[in-house]
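Data block below; observations after.
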Amino acid sequence: MSAIELKNAPTEGIRAFPLVPETNQEIDLIDLLGTLYAAKKTIIISTLSAALAGLVFSFMLPQKWSSQAVVTPPEASQLIELRRAMVELTVLDVATNVDAEHVYLNFLKDFDSQALREEYLANSDYVKQLVSAENADDKVKLHRAIQETSAKFKAVNNADPKLANATSWSSWSLSFIGPNAEESRDVLDGYIRFITQRVNQDTVQNLRYAVELKRSVEKDKLQLDKINLENQHKVNIQRLGYSLEVANAAGIKKPVYSNGQAVKDDPDYSVALGADGLAEKLKIESSLKDVSELNASVQNREYYLTKLAQVKVNDVDFQPFRYQMTPSLPLRKEGPGKSAIIVLTALVGLMGACGFVLLRNIVSGRKRKLEVV
């Protein structure tokens with residue numbers, strides 16, 4: 001068997017193409033910092049420009065100053081005038097259903113009324129200042145300004161358990177956001193006064209309605225009772241006439257108990273008085289022109305109706321709430337301050353400038369490699 005000799009052939013020519021050089025995937029932080037430092041002027045200028053733009057933007061933002069008041073249900077000192085006006089109504093048993101809780105809830109309801117907000121703002125100098133003189137007659141712009149302003153009123157229940165500062169007693173925070181501190185306080189205070197006056201008017205008007213309804217009911221009931229008395233009076237006269245006829249037919253002239261007689265009286269037509277007594281009673285009953293003259297209950301009710309007619313509920317000035325804090329003068333604006341806006345815009349400018357410099361460095365390095373190849 002012949003032996004096959006294997007010769008070691010050179011391996012240089014096996015690879016027809018060069019091997020791909022290994023790439024380094026590590027990030028050189030020092031190189032990146034050097035790149036950023038080399039472009040420090042660009043980064044500084046961009047950061048300062050962004051901070052300056054933030055400063056300008058902070059001055060362009062609308063000013064928001066929030067005035068706040070805290071109210072609770074009224075107490076005796078706030079309702080003393082109302083209670084004085086209701087003394088006579090209480091004596092006359094007029095149901096008013098007016099108490100501290102009632103007027104307090106009416107105040108909160110009216111404060112949150114969109115219609116009342118627009119009514120107040122339509123006549124306020126604040127909205128007139130917002131609308132320029134040439135647009136004062138433009139109803140569309142005026143209505144838009146009123147609606148935008150009315151949305152700045154807020155009423156928040158402090159008893160909400162979700163709030164961190166919730167209290168065990170009922171209180172509400174009323175607020176208004178305006179372009180400056182003084183106007184915010186004045187608008188909120190003026191609106192609270194406007195709603196207070198409206199609650200006063202509504203409460204007094206409700207009292208007047210209650211008196212009017214009570215008087216009408218009592219008048220109609222008294223009229224019905226008088227008709228009942230008249231009908232009963234007519235029936236009594238007719239019964240007396242029949243009893244007189246029966247007594248005459250029976251020959252009973254004198255009262256039966258005067259001469260010792262024992263007569264079983266008729267339950268329908270009594271003859272116990274005798275013909276003479278029945279005739280006299282019939283004469284007296286027939287002579288009565290007003291049956292109510294002999295009825296004490298009717299007389300008392302007529303006097304009661306007269307007193308109701310004399311009741312006059314005058315306008316009263318009372319406060320349907322108690323201040324825990326009067327409308328405050330805001331000491332600082334709502335929303336982010338100028339410093340926060342400047343810092344944020346400067347950070348955005350810094351990050352944008354750094355990103356731009358690094359991207360430019362990558363693009364330029366890529367171009368150099370392509371030129372070498």
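Bear in mind these aren't lab numbers, they're just calculated from the coordinates by the rules spelled out. Fair warning: this is a prediction, and the values are worked out from it, not measured in the lab. Ideal geometry is used to build each Cβ from the backbone, glycine not excepted, and the neighbour counts take in all protein chains shown.
What the Cβ-Cβ distance of residue 92 and residue 325 gives, at R0 = 41 Å and to the nearest 0.05, is a FRET efficiency of 0.55.
First select every other residue whose beta carbon is under 11 angstrom from the beta carbon of residue 319; then total the charges, Lys and Arg +1, Asp and Glu -1. Can you show the working numbers first?
Working: positive: 193, 322; negative: 75, 81, 317.
Charge balance near residue 319 sits at -1.
Taking the average, over residues, of other Cβ atoms within 10 Å as the packing measure, peptides 186-193, 360-367, 211-218 rank 186-193, 211-218, 360-367 from highest down. Summing +1 for each Lys or Arg and -1 for each Asp or Glu among the other residues whose beta-carbon sits under 14 angstrom from that of residue 203 gives -2. Highest-first packing order for the peptide set 295-304, 339-348 is 339-348, 295-304, based on the mean count of other beta carbon atoms within 10 Å.
A simple spin-label model places the labels of residue 109 and residue 348 4.7 nm from each other, with each point 7 Å out along Cα-to-Cβ. Exceedance of the 26 Å cut-off in Cα-Cα distance is limited, within the set 109/141; 109/221; 226/281; 254/283; 64/141; 253/283, to 109/141; 109/221. In order along segment 91-99, the Karplus-derived 3J(HN,Hα) couplings, from 6.51 cos²θ - 1.76 cosθ + 1.60 at θ = phi - 60°, round to 5, 7, 6, 8, 6, 9, 6, 10, 9 Hz, and Gly and Pro are given as x.
How much length is gained if the chain between residue 170 and residue 31 is pulled fully straight, taking 0.36 nm per residue apart and subtracting their Cα-Cα distance, in nm to one decimal? Before the final figure, lay out each step's value.
Working: separation 139, 0.36 × 139 = 50.04 nm, distance 6.51 nm.
Between residue 170 and residue 31, full extension yields 43.5 nm more.
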